[in-house]
Amino acid sequence: MVALDDVSFSLTAGQTLAIFGPNGAGKTTLLKVLAGLIRPQAGSARVAGGRSAIGWIGHQSHLYGHLSVRENLLFWASLYGVPRAARGARATDVLARLSLTDRAEQPAWSLSRGLVQRAAIAKALIHDPQVLLLDEPFTGLDLAAAGELRSLLGALRGAGRVVVLATHNVDEGAELATDVAFQVRGRFVQYEPRGGRGPAEIADAYRRAVGETEGGRHA
Amino acid sequence: MRELWRQAWTIAHKDLTLEFRSRTAIVSALVFTALVLTVFNFGRDPTAVSTLDLAPSILWVTFTFAAMLALNRAFQLELENQALEGLLISPLDRRSLYWGKLLANLAFVVVVEAVGLPLFVLFFNVAVGHVLLPLLAVIALATVGFVAVGTLFSAMVVRTRFAELLLPVVLFPFLLLPLTYAVQATARLLAGRPLSEVAGWLRLLAAYDIVFVAVASWLFPYTVEE
C-alpha cells in the first residue's frame with residue numbers, strides 16, 4: 001500500500017499550507033516525513049534549518065506526566081539547544097501566551113485534556129521554531145482556546161513562520177491558510193493558493209474533490 | 001562531543017527526576033533484591049552446598065534480575081504521551097539518547113547494588129572487607145556491560161507487545177559471557193584466591209564492555225527509527 005504518492009510542494013516564509021483530507025488520507029504520514037520521523041522510499045523532503053527549526057503538534061502531547069508544565073518546557077528547550085540563560089524567560093513567555101502561567105507548576109498528569117493540548121502547543125513553540133507542523137491541532141480545545149490558537153498561528157504567520165496544518169475539519173484551518181491542499185489516498189488531488197475563498201467555498205471544493213476521487217475509485 | 005554529552009545528561013537527569021518522583025521501579029527493584037536474597041538464604045541447605053560455592057551465583061542472579069526492572073522501565077517512560085516521538089523529531093542526537101538512558105540505568109542499578117551487596121554479606125555471612133575494592137571493580141565492569149546491552153535491547157523491544165516478557169528472552173543470551181566472567185571473578189575473590197587469578201576475568205569484562213558499548217552506540221540509532 002502506498003501511503004504518499006506524487007506529493008510535491010515548497011513553502012516560503014509566511015506561508016501556511018492547510019492540508020485537508022479524510023481519515024487515512026496520509027496527512028499524518030506526510031507530516032512525519034517532513035519532520036524526519038519517516039524516511040520516504042522515493043523522493044525527498046527538506047526543511048530549511050533541519051530538525052532544530054521544526055515545532056511539532058500532533059495527536060500526542062509528548063509531555064512527561066510527573067514533570068510540571070514548566071519542567072517539561074525547560075527539558076524540551078534544553079534538547080532544542082535554547083541557551084541555558086534564556087530558557088526560563090522563554091518558558092515564562094510561552095506559558096503566558098498560552099494562558100498557562102497559573103498552571104506552570106502543576107504536574108502534566110493533573111491537567112485536563114484541553115490544558116494538555118495547550119501545554120503541547122507551548123512545548124512546540126519553546127524554541128521559537130521557523131516551521132510548525134500541526135496535526136489536528138484543535139483536537140481537545142474548547143471554542144475559546146481554539147480561537148486563541150488561531151490568533152496565535154495567525155501571529156506566527158505574520159512573523160514569517162511557515163505553518164503546515166493537517167486536519168480533516170475544513171472549518172478549523174481554512175481561515176489560517178495561504179495555500180490549500182486536498183489529500184486523498186496519499187495524493188494531493190488539489191493544491192492551490194487559497195485566494196479570497198472563505199471556509200464555506202473551500203469546504204464545497206473539498207467535498208467535490210474528495211467525492212470525485214472516491215467516486216472515481218468506486219466507479 | 002560536548003553537545004552529545006550535554007544532551008545525554010539532559011536525558012539522564014530527566015529520567016532520574018521521573019524515577020525520583022514516582023519511585024515505582026526503584027522500590028520494586030529494592031524489594032525484589034531483598035526478597036530474592038532472603039529466599040535463597042532460607043531456601044538452601046548449607047550442609048549440602050557450601051556458601052562460598054553458591055554465593056557468587058546468587059549475587060549475580062539477584063543483580064541481573066533486579067536490573068531487568070530498570071531496563072524495562074527505561075523506554076517505557078518514553079511511551080507516555082508518545083514522548084519518544086518527540087525525542088526523535090527533536091535535534092537530539094540518537095547516540096545522546098542511548099548514552100542518557102545508559103547513564104540513568106547505571107545510576108538505577110548502582111543504587112540497587114549498593115543496597116543488595118550489604119544484604120548479601122549479611123545473609124550469606126561472607127567476608128568481603130579484604131577484597132572490597134577488587135569486588136567493586138568486578139561489579140562495576142559487569143554492570144556496565146550488561147546495562148549497555150540491556151539498554152539497546154530495551155529500545156528494540158519497547159514498541160512490541162509483551163515488551164516486559166520479551167526483553168529477558170532476547171537479552172539473557174547476550175549476558176551469559178559477562179555473568180560467567182563476573183561469577184568466576186567473584187568466586188575467586190570470596191575464596192581468598194590471589195588477585196592475579198582474578199585479573200584475567202577483569203580484563204575479559206573490560207573487553208566485553210568496550211566492544212558492546214561501542215556496538216550498542218553504533219546500532220542504537222537504527223533501533224529507534226520508524
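Values quoted throughout were computed directly from the atomic coordinates according to the rules given, and no laboratory measurement underlies them. Source: prediction; values computed, not measured. Positions of Cβ are backbone-derived with ideal geometry, glycine not excepted, and every protein chain shown enters the neighbour counts.
For the range A:163-194 versus the range B:112-150, the spacing of their alpha-carbon centroids is 60 Å. Put in line by how crowded their Cβ is, counting other Cβ atoms within 10 Å and starting with the fewest, A:His59, B:His130, A:His66 read B:His130, A:His59, A:His66.
Extension gain, B:Leu4-B:His130: 0.36 nm per intervening residue step, less the Cα-Cα distance, totals 41.4 nm. Globularity index of the range A:9-147 is 1.08 (Cα radius of gyration / 2.2 N^0.38 Å, N = number of residues). Entry note: the range B:2-223 has Rg to Rh equal to 0.99, where both radii use alpha-carbon atoms and Rh is the Kirkwood radius.
Model label sites at B:Val211 and B:Val27, defined 7 Å from Cα along the beta-carbon direction, differ in position by 4.1 nm. Label positions at A:Ser8 and B:Arg203, each projected 7 Å from the Cα along the C-beta direction, are separated by 6.3 nm.
Hey, how many Å between the Cα centroid of the range A:1-66 and the Cα centroid of the range B:183-217? The two parts, judged by their Cα centres, are 48 Å apart. Rounded to the nearest 0.05, the FRET efficiency derived from the C-beta distance between B:Ser196 and B:Val115 at R0 = 30 Å is 0.45.
Computed over the range B:7-83, the P(r) tail beyond 17 angstrom holds 56 percent of alpha carbon pairs. Per-residue ellipticity at 222 nm, computed for the protein assembly as shown from helices alone with -39500 (n - 2.57) per DSSP H run of at least four residues, works out to -21000 deg cm²/dmol.
Counting other C-beta atoms within 10 Å, which of B:Thr143, B:Thr160 has the fewest, and how do the rest follow?
Ordered by Cβ neighbours within 10 Å, fewest first: B:Thr160, B:Thr143.
Along each principal axis, taking the top coordinate minus the bottom one, the Cα set of the protein assembly as shown gives 90, 51, 39 Å in descending order.
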